[in-house]
Amino acid sequence: MKEEFKLNFDGRELVVEVGEKAKQARGAVFVKYGDTVVMSAAVMSDQVSSADFFPLTVLYQERLYSVGKIPGGFIKREGRPTDEATLAARLIDRPIRPMFADGFRNEVQVVNTVMSVDPDNSPELTAMFASSLALGISDIPFDGPIAGVKVGKIGKEFIINPTVEQTEESEILLTIAGTKTDVCMIEAGAKEATEADMLKAIEIGQKYITKLCEFEEKIIKKVGKEKVVVDLKEIDKELKDSVIEYAKDNMLEAITSKKGKLEKAEDIANLKLEVVGHFSAIYAEQENLADILKDVSTILNELEAELVRDLIVDKHIRPDGRKLDEIRSLDAQIDLLPRTHGSAMFTRGQTQALATTTLGAIGEHQILDGLGLEDTKRFMLHYNFPQYCVGETGRYGSPGRREIGHGALGERALKQVMPTEDEFPYTVRVVSEILESNGSSSQASICAGCLSLMAAGVPIKAPVAGIAMGLITKGRKHAILTDIQGLEDHMGDMDFKVAGTKDGITALQMDIKIKGITKAILKEALSQAKEARLEILGVMAKVIDKPREEVSKYAPKMMTFEINPEKIKDVIGKGGETITKIILDTSNVKAVNDKDAVKIEINDDGQVIIYHSDKEVIDKAAKMIKDIVREVEVNKIYSGVVTKVEDFGCFVELWPGCEGLVHVSKLAEERVNKPSDIVKVGDEIMVMSLGYDNRGRLNLSRKDALPKSNKKKKGEK
């Protein structure tokens with residue numbers, strides 16, 4: 001039986017339909033937010049998975065029919081998820097995952113299908129709300145609800161779920177998710193926002209999340225199913241006590257050693273092997289020996305985490321001996337790769353990123369085949385995480401969710417300071433290669449990427465640096481860590497990444513493993529992150545403190561100018577004939593797609609952009625285009641070449657493509673019987689433009705361009 005629920009959410013209608021669609025799922029909702037429609041269904045396996053983690057899958061399926069598009073290519077159906085769809089799935093997964101009990105091992109899938117999209121009403125946040133509600137009304141043991149909103153800031157006004165137009169004007173664009181009382185996920189980009197403004201946006205966003213969660217609770221109370229009882233993974237207390245007693249002292253010694261990441265990890269791994277071997281001998285006669293040994297490994301991992309937490313919170317001792325607010329050793333270098341347009345390497349402790357910047361023509365922008373209004377992208381940051389950077393072997397293939405997510409965070413941080421297309425008409429691609437990783441390689445990518453942009457001569461508005469903060473809680477006590485390393489990230493409760501300039505925040509991302517954190521903790525983390533960011537910016541400035549004045553000699557040079565839009569067709573020519581000739585003649589190549597060919601782009605508004613590594617080629621192409629579109633001014637004197645002589649006058653070319661007639665009566669002050677007595681083909685003469693006649697012919701005059709005659713005027717003595 002279909003039931004419908006409605007909420008006026010900040011002036012826009014949110015409608016939930018339950019009971020009619022996808023009835024075989026454990027929970028399903030059909031959610032409309034304005035003209036945006038998302039179908040969300042939640043299912044769970046009845047069997048407990050053998051995995052030692054919670055097998056949750058969140059899908060965000062974009063359907064191009066939702067925006068009235070037919071997919072490109074030969075197959076004409078949606079293929080692998082776009083980067084935007086992958087990021088949306090991560091956005092939903094992150095606040096949902098902590099809402100399941102420890103030890104939950106039944107496989108859960110939440111499938112969101114985007115069926116209609118109104119760009120002013122976010123399908124991602126509609127899907128997040130629908131995912132939480134589908135789980136909430138199902139019999140799946142989900143400790144929600146959660147919800148999310150976007151917060152924009154224009155001037156002094158904060159706006160909930162801004163429209164596309166408002167988003168473009170916003171100084172802050174914050175996506176926040178949480179429960180009715182606490183924040184549990186943040187994703188933000190900003191134009192150098194202050195910490196106070198960011199906190200204010202978070203506070204406002206949380207109030208609206210509370211309204212959505214209360215709406216969900218109302219629906220769950222009305223149509224929700226009773227939650228099933230599932231078997232949670234539990235470990236025998238006697239076994240746990242025995243393992244802890246046997247291994248605790250040696251584990252503490254291994255954790256607090258001054259060795260490097262790999263050596264310390266090897267010591268801990270060897271200790272775990274020794275402990276597993278010890279208990280393997282004790283329980284050798286047990287039929288379920290394999291399960292027991294798996295439990296021993298789990299106990300050891302939990303012991304390691306607990307010891308790290310105790311040391312940090314109670315004694316303020318970090319595994320590598322640093323103070324809570326201390327950054328690891330820093331190093332920055334530029335110009336490592338001579339043939340790239342810009343390169344830099346940033347090292348922080350055992351995390352190292354090598355970034356390159358490549359400049360291309362505007363026409364080389366990325367084409368997006370997604371649900372958004374934006375269909376091209378001229379600035380990209382790509383992040384690569386090879387397995388060798390952590391000393392391991394592994395699978396290599398297309399980028400995974402982690403690589404896409406880290407790249408998007410770095411891109412968002414640097415995009416805020418990028419020049420506009422008018423200021424710098426290039427497509428810009430930054431690639432970060434992670435060479436070593438021990439915590440926060442995404443923030444190292446931001447630092448290295450910024451250095452490479454400045455080395456490449458990209459006129460960014462200000463240098464940007466990033467830092468990752470951590471949180472360790474124990475009861476009511478907590479400790480905030482600056483520059484978390486891998487062990488602290490794995491064992492901690494929060495991963496809080498902040499990037500920005502000396503004047504403000506450009507990007508922020510927060511994930512937590514607990515169910516929420518307070519405003520006071522957020523404020524403390526932001527303040528501590530600012531101090532670290534300024535310290536890193538100081539190190540970067542010693543290497544390069546502002547963008548270079550010129551781009552690399554290997555980068556394409558560029559010239560831009562305006563022409564009359566009505567003349568574009570003349571430059572292009574019939575079937576592209578004219579512009580093809582310009583490219584071939586100026587570049588001295590046989591094909592327009594030759595790598596040495598000049599690139600010419602003409603926008604609909606008449607802007608012409610010419611790219612080539614040789615400035616002489618650019619100048620030659622520019623002159624040919626300007627000659628085509630150049631317009632003759634009446635009564636102005638020009639130098640031209642005689643191209644043909646007839647009995648009625650001669651034709652003169654002012655520049656290629658522009659030719660006019662000098663009538664015999666306009667050749668000289670005196671009467672001329674034969675034009676050939678005055679001029680011949682190839683002569684360069686001065687002429688004055690008389691304008692175009694009603695047949696569109698340009699009329700010229702040699703007589704009016706000559707110096708004034710000394711002949712006396714009539715009546716003079």
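The values are calculated or read from the model by the stated rules, or taken from the named source; none is laboratory data. Bear in mind the structure is a predicted one, so any value in this text is a computation, not a measurement. Every residue, glycine as well, gets a Cβ built from its backbone with ideal geometry; the counts of neighbours run over all protein chains shown.
So here's what we get for this one:
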quantity	calculated
Exclusive hit being part of a strand (DSSP E or B) and buried (at least 24 other Cβ atoms within 10 Å of the Cβ), set LEU451, LEU471	LEU471
Top-ranked residue of region 662-696 - restricted to ones that are basic (Lys, Arg) and surrounded by fewer than 12 Cβ atoms within 10 Å (Cβ to Cβ), ranked as nearest to ASP647 (Cα to Cα)	LYS674
Unique match (being closer than 30 Å to ILE582 by Cβ, acidic (Asp, Glu) and touching a residue at least 12 places away in the same chain (Cβ under 8 Å)) among ASP683, ASP704, ASP647	ASP683
Matching entry among ILE312, ILE219 (being touching a Phe, Trp or Tyr at 6+ places or on another chain (Cβ under 6 Å) and assigned to a helix (DSSP H, G or I))	ILE219
Some residue of region 506-516 being in contact with a Ser or Thr (Cβ under 8 Å, 6 or more places away or on another chain), in the same structural domain as THR356 (by TED's automatic domain parsing) and not in a strand (DSSP E or B)	no
Whichever residue in region 586-617 is of a type in the set (Gly, Ala, Ser) and in a loop (DSSP other than H, G, I, E, B) and, among such residues, is farthest from ARG339 (Cα to Cα)	GLY606
Pick from region 140-166, criterion within 16 Å of THR36 (Cβ to Cβ) and small (Gly, Ala, Ser), ranking: surrounded by the fewest Cβ atoms within 10 Å (Cβ to Cβ)	ALA147
Filter pass, ASP241 being at pLDDT below 95, in a helix (DSSP H, G or I) and not assigned by TED's automatic domain parsing to the domain that holds ALA51	yes
Verdict on ASN635 being in contact with a strand residue (DSSP E or B) (Cβ under 9 Å, 6 or more places away or on another chain), in a strand (DSSP E or B) and over 30 Å from THR586 (Cα atoms)	no
Residue list for region 219-275, restricted to those being surrounded by fewer than 14 Cβ atoms within 10 Å (Cβ to Cβ) and under 30 Å from GLY349 (Cβ atoms)	LYS248, ASP249, GLU253, LYS258, LYS259, GLY260, LEU262, GLU263, ALA269, ASN270, LEU273, GLU274
Residues being free of Cβ contacts under 8 Å to residues at least 12 places away in the same chain and part of a helix (DSSP H, G or I) - total across region 476-498	0
From ASN603, ASN588, ASN564, residue being closer than 27 Å to ALA456 by Cβ, surrounded by fewer than 20 Cβ atoms within 10 Å (Cβ to Cβ) and not basic (Lys, Arg)	ASN603
Among (1) in contact (Cβ under 8 Å) with a residue 40 or more places away in the chain; (2) part of a helix (DSSP H, G or I); (3) of a type in the set (Lys, Arg); (4) over 18 Å from GLY449 (Cα atoms) - the single one ARG533 does not satisfy	(4)
Residues (surrounded by fewer than 20 Cβ atoms within 10 Å (Cβ to Cβ) and under 25 Å from GLU169 (Cβ atoms)) located in region 96-136	ASP118, PRO119, ASP120
Looking only at region 697-717, and only at residues there that are loosely packed, with under 12 Cβ neighbours inside 10 Å and small (Gly, Ala, Ser), the one that is modelled with the highest pLDDT	SER709
Flag for SER257 being within 44 Å of the chain's Cα centre (by Cα) and either farther than 28 Å from ASN438 by Cα or not basic (Lys, Arg) (or both)	yes
Neighbours by Cβ (under 8 Å, 6+ apart or cross-chain): first from region 191-212, within 16 Å of SER527 (Cβ to Cβ); second aromatic (Phe, Trp, Tyr) and surrounded by fewer than 24 Cβ atoms within 10 Å (Cβ to Cβ)	LYS200/PHE158
Members of region 413-429 that are in a loop (DSSP other than H, G, I, E, B) and either modelled with pLDDT of 95 or more or buried (at least 18 other Cβ atoms within 10 Å of the Cβ) (or both)	GLN416, VAL417, MET418, PRO419, PHE424, PRO425, TYR426
Output for region 143-170, where each listed residue is within 25 Å of THR501 (Cα to Cα) and either touching a residue at least 24 places away in the same chain (Cβ under 8 Å) or not in a loop (DSSP other than H, G, I, E, B) (or both)	LYS150, VAL151, GLY152, LYS153, ILE154, GLU157, PHE158, ILE159, GLN166, THR167, GLU168, GLU169
Candidate set: region 482-501, residues that are at pLDDT 95 or above and of a type in the set (Gly, Ala, Ser); chosen: the one nearest to PRO463 (Cα to Cα)	GLY500
Cβ pairs under 6 Å, 6+ apart, first in region 548-576 and under 30 Å from LEU451 (Cβ atoms), second of a type outside the set (A, V, I, L, M) and part of a helix (DSSP H, G or I)	LYS557/LYS615
So THR175, is it under 28 Å from MET44 (Cβ atoms) and in contact (Cβ under 8 Å) with a residue 24 or more places away in the chain	yes
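Here is a yes/no grid of residues against (1) crowded, with 17+ Cβ neighbours inside 10 Å; (2) modelled with pLDDT under 95; (3) more than 23 Å from GLY439 (Cβ to Cβ); (4) in contact with a Gly (Cβ under 6 Å, 6 or more places away or on another chain):
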| site | (1), (2), (3), (4) |
| --- | --- |
| ASP335 | no, no, yes, no |
| PHE346 | yes, no, no, no |
| THR356 | yes, no, no, no |
| ILE362 | yes, yes, yes, no |
| GLY372 | no, yes, yes, no |
| THR376 | no, yes, yes, no |
| GLN387 | no, yes, no, yes |
| TYR396 | no, yes, no, no |
| GLU411 | yes, no, no, no |
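This table checks each residue for (1) in contact (Cβ under 8 Å) with a residue 60 or more places away in the chain; (2) touching a strand residue (DSSP E or B) at 6+ places or on another chain (Cβ under 6 Å); (3) closer than 29 Å to MET686 by Cα.
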| position | (1), (2), (3) |
| --- | --- |
| THR578 | no, no, yes |
| ILE583 | no, no, no |
| VAL592 | no, no, no |
| ALA597 | no, no, no |
| GLY606 | no, yes, no |
| ILE609 | yes, yes, no |
| ASP614 | no, no, no |
| ARG630 | no, no, yes |
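Okay, residues lined up against (1) hydrophobic (A, V, I, L, M, F, W, C); (2) more than 29 Å from ARG348 (Cβ to Cβ); (3) under 24 Å from the mean Cα position of the chain (by Cα):
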residue	(1), (2), (3)
LEU508	yes, no, yes
LYS519	no, no, no
ALA532	yes, no, yes
ILE536	yes, no, yes
THR560	no, yes, no
LYS569	no, yes, no
GLY576	no, yes, no
ILE582	yes, yes, no
ASP596	no, yes, no
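Matching residues to (1) assigned by TED's automatic domain parsing to the domain that holds LYS218; (2) modelled with pLDDT of 95 or more; (3) more than 18 Å from PHE129 (Cβ to Cβ):
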position	(1), (2), (3)
LEU7	yes, yes, no
VAL15	yes, yes, no
GLN24	yes, yes, yes
MET39	yes, yes, no
ALA42	yes, yes, no
SER45	yes, yes, yes
SER50	yes, no, yes
PHE54	yes, no, yes
